[in-house]
Amino acid sequence: MYDRPVQPGWYPDPNGIPGLRWFDGEQWTPNFSGAQQGPAPSQAVAEKPKDRNPLFLFLAGLSALPTAFFGWAYYESQATISGILFLFCFAWTYCWWKMSDRYR
């Protein structure tokens, strides 16, 4: 489940009981604490995902058209110029896509 072992310590109770419970690194112990260290993961407020910038999203979609065309042309003919143009168009599609997420 985890790549690294969980350190022993006080954690929110996995059964949802208010307060903290001691985890010894392998299993939960019967020791409880009434103190609360911030909200439990189930009580954490999830942020609303932000919308993508419509201009850059449009440009990414627009640049995907020549990307698909040159990708198909390279697949069919194995011509070097088609491969170069495919990579060039793909790079711009990727840039527009990443910018649509960043600049809102």
Using only the Cα atoms of the stretch 54-102, build the gyration tensor, take square roots of its eigenvalues as a ≥ b ≥ c, and label the shape rounded, prolate or oblate: rounded if a/c is under 1.5, else prolate if a/b is larger than b/c, else oblate.
prolate
Length gained when the stretch Leu62-Thr29 is fully extended (0.36 nm per residue, less Cα-Cα span):
6.1 nm
The stretch 54-102 - percent relative contact order, Cα under 8 Å, separation 6 or more:
52 percent
With labels modelled as points extended 7 Å from the Cα through the Cβ direction, what inter-label distance (nm, one decimal) is found for Gln7 paired with Ser77?
6.0 nm
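Computed from the coordinates by the stated procedures, all read-outs in this text should not be read as laboratory data. Please read all numbers here as calculations on a predicted model, not as lab measurements. Cβ: placed from backbone, ideal geometry, glycine included. Neighbour counts: every protein chain shown.
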